[in-house]
1. Are any of the residues in region 109-125 surrounded by 20 or more Cβ atoms within 10 Å (Cβ to Cβ), assigned by TED's automatic domain parsing to the domain that holds Ala342, basic (Lys, Arg) and within 29 Å of Ile148 (Cα to Cα)?
2. Among the residues of region 33-68, count how many are among the hydroxyl-bearing types (Ser, Thr, Tyr), away from ligand 1 (no atom under 16 Å from the Cβ) and part of a helix (DSSP H, G or I).
3. With (1) more than 17 Å from Gly347 (Cβ to Cβ); (2) in contact (Cβ under 8 Å) with a residue 12 or more places away in the chain; (3) away from ligand 1 (no atom under 16 Å from the Cβ) as the list, and Asp232 as the residue in question, which single condition is left unmet?
4. Grab the helices (runs of 4 or more DSSP H) fully contained in region 228-318, keeping just those with 2 or more residues being more than 24 Å from the chain's Cα centre (by Cα) and outside the structural domain of Trp99 (by TED's automatic domain parsing).
5. Would you please name the residue that is nearest to ligand 1 (Cβ to nearest atom), looking only at residues in region 166-182 that are closer than 30 Å to Gly76 by Cα and crowded, with 21+ Cβ neighbours inside 10 Å?
6. Quick one: in region 61-82, which of the residues that are among the acidic types (Asp, Glu) and over 19 Å from the mean Cα position of the chain (by Cα) is modelled with the lowest pLDDT?
7. Considering region 327-348 alone, what residues qualify as being at pLDDT below 95 and within 16 Å of Ala149 (Cβ to Cβ)?
Amino acid sequence: MRSYVATEWGKPLELREQETPAPTGKEVLVRITAAGVCHSDLHIHDGYYDLGGGRRLNNAERGVYPPRVLGHEIAGTIEAVGEAAEGVSVGDDVVVYPWIGCGMCDACALGDEQNCPTPRTLGIFFDGGYSTHCLVPEAKYCVPLDGIAPEVAALYACSGITTYHALRKFDEAVFKSEPVLIIGAGGLGMMALTILNGMGGFGAIVADVDENKLEAALANGARAVVNPRDVDVAAQVKALAPSGRGLRMAIDLVGNPETLQLAIDCMVKGGKVVAVGLMGGEFTIPTPFLPMRALTIEGSYVGTLQELRDLMALVREHSIPPPPIEKHTLDEAQQVMDSLRAGKITGRGVLMPAGI
Ligand SMILES: [Zn+2]
Ligand SMILES: [Zn+2]
């Protein structure tokens with residue numbers, strides 16, 4: 001097994017070769033064919049999240065320690081199974097649900113493993129995808145590809161279910177009759193746009209400061225685009241609402257104080273802003289505004305195992321187009337992370353450890 005390992009936070013990844021593990025019990029060994037390089041891998045590799053005001057949430061405070069193989073967007077072929085693994089066979093092509101919980105607590109019993117207080121997330125708490133192989137604790141976390149390319153399915157395990165979970169937080173009738181403001185037209189934004197259209201949503205107004213990304217959003221089915229650099233951007237968004245007064249739904253995929261404020265500024269009374277992005281910073285709001293504007297600000301974190309299954313079915317049924325993907329070799333892991341940090345990746349960078 002060859003893996004690129006974060007041996008120390010903030011230091012370049014190191015290549016390690018070690019014996020390929022043999023699965024026992026319910027475990028499954030996946031030979032990785034695709035591993036997405038996600039923006040949150042950069043935060044984990046940095047060793048902290050920025051909380052604003054000079055404060056940080058360090059990995060150690062979350063129980064995340066090096067050495068760690070990063071990468072939670074994993075697809076591959078089942079190479080070996082433990083004696084108690086059920087429902088999969090050697091040779092199956094699968095995408096791995098990485099947001100694995102303890103399997104024993106109240107959150108896990110509700111099917112919300114992503115909210116488990118003692119998570120076993122692959123690529124964060126356990127070793128993940130920047131590797132030729134990955135050990136998955138239970139076969140049920142392996143969802144069949146059924147014809148979807150591994151490099152595409154890998155992204156559905158993260159940005160896919162993240163946006164799907166967030167979009168499902170809106171009232172269905174409103175979702176089908178009014179536009180959603182999507183802030184951020186990067187990888188997550190394009191995923192949100194195509195899934196929204198695939199789900200039968202009314203449509204999206206996409207906001208980004210990068211004109212090239214706005215053009216891409218229009219080419220991928222946005223109803224309209226706006227640039228937050230314009231001083232009257234909130235007025236522009238409001239004018240695009242069917243009522244002409246403002247929107248009821250926004251998703252902030254960036255997550256800094258300015259983007260969250262923009263989302264709130266575009267809402268009519270009774271609006272809902274779903275916060276997804278983890279850019280960092282600190283945000284304040286006068287408390288009377290929450291009741292007076294009947295405003296909902298709801299955080300959304302990744303999605304459930306069932307949502308990954310449902311999303312894969314939705315993608316097949318509605319032929320949802322895949323996001324733009326750049327394929328790279330496993331040995332380019334550090335380079336791809338550096339390019340992502342520099343904003344030089346178009347769509348998503350995916351490592352292909354079994355060959356491009
Ligand atoms: Zn991710
Ligand atoms: Zn749990």
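1. No, region 109-125 contains no residue that is surrounded by 20 or more Cβ atoms within 10 Å (Cβ to Cβ), assigned by TED's automatic domain parsing to the domain that holds Ala342, basic (Lys, Arg) and within 29 Å of Ile148 (Cα to Cα).
2. Within region 33-68, residues that are among the hydroxyl-bearing types (Ser, Thr, Tyr), away from ligand 1 (no atom under 16 Å from the Cβ) and part of a helix (DSSP H, G or I) number 0.
3. Looking at each condition in turn, Asp232 falls short on (2).
4. Counting at least 2 such residues, we get 233-240, 289-292.
5. Filtering first and then ranking leaves Ala166.
6. The qualifying residue modelled with the lowest pLDDT is Glu61.
7. Matches in region 327-348: Gly347, Arg348.
The values are calculated or read from the model by the stated rules, or taken from the named source; none is laboratory data. The shown structure was predicted, so the numbers you read here are calculated from the model rather than taken from an experiment. Here Cβ is always computed from backbone atoms with ideal geometry, including for glycine, and neighbour counts include all displayed protein chains.
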